[in-house]
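Have a look at the structure below, then the notes.
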Amino acid sequence: MEEDGMVQEQIAETTEDVASGDTDSRVAELEAALAEREGLLGEGEAERALLLARLRLALIATDPAIPVELVRGETLPELDASFEAAREAVRRVRETVAREAPAVPAGAPGRSAGQPATAFEKIRAGMARL
């Protein structure tokens, strides 16, 4: 709302300047004001980009398994959406690996009976199987 008032004031001043014939100085003044605002806008864009980059790094640090390449975006909603998609992809991969991985029993394997050492023990073991 304040900007509307400022714009209306500038229009009124410009109209007065045109009526008095002092347009060159008013144009130069307005161009300087425009350049200043564009400079401020550029600084704001650079700061926004820096903040998004820092947020991206912080999100990636929360789960090192998330591939860095999957988290990207030029705006906060794009960055959030890509991070959630990357997190979901990692979750699906983990589930698939857990499903397909062979079950490994915990602890050392059980002991088995030793193999016969002498010829006589081998004959006895063979006869026991009959």
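For Gln10 paired with Thr118, estimate the spin-label separation in nm (one decimal), with each label point 7 Å from Cα along the Cα-to-Cβ line.
Here the answer is 10.9 nm between the modelled labels.
With labels modelled as points extended 7 Å from the Cα through the Cβ direction, what inter-label distance (nm, one decimal) is found for Val104 paired with Ala33?
Once both label points are built, they end up 7.2 nm from each other.
Loop only per DSSP, at most 15 neighbouring Cβ atoms within 10 Å: give me the GluC sites (Glu not before Pro) in the range 31-130, ordered by residue number.
Those satisfying the criteria are Glu74.
Got a sec to turn the phi values of the range 86-96 into Karplus ³J(HN,Hα) couplings, 6.51 cos²θ - 1.76 cosθ + 1.60 with θ = phi - 60°, whole Hz, x for Gly and Pro?
After applying 6.51 cos²θ - 1.76 cosθ + 1.60, I find 5, 4, 5, 5, 5, 4, 5, 5, 4, 5, 5 Hz.
List, in order, the whole-Hz ³J(HN,Hα) value for each residue of the range 75-80 obtained from phi through the Karplus relation with A = 6.51, B = -1.76, C = 1.60 and θ = phi - 60°; use x for Gly and Pro.
10, 4, x, 5, 5, 4
Given H placed 1.01 Å from N in the peptide plane, which residues other than close sequence neighbours of Gly73 have an amide H under 5 Å from its amide H?
none
Separation of the range 49-67 and the range 86-108 by C-alpha centroid, Å?
25
Taking θ as phi - 60°, what are the ³J(HN,Hα) couplings along the range 65-71 by the Karplus curve (6.51, -1.76, 1.60), each to the nearest whole Hz, with x for Gly and Pro?
Per-residue couplings from phi come out as 6, 6, x, 4, 5, 7, 9 Hz.
No lab work stands behind these numbers, since they all come straight from the coordinates. Since the model is a prediction, treat every value here as computed from it, not as a measurement. Please note: Cβ atoms are built from the backbone with ideal geometry, for glycine as well, and neighbour counts cover all protein chains shown.
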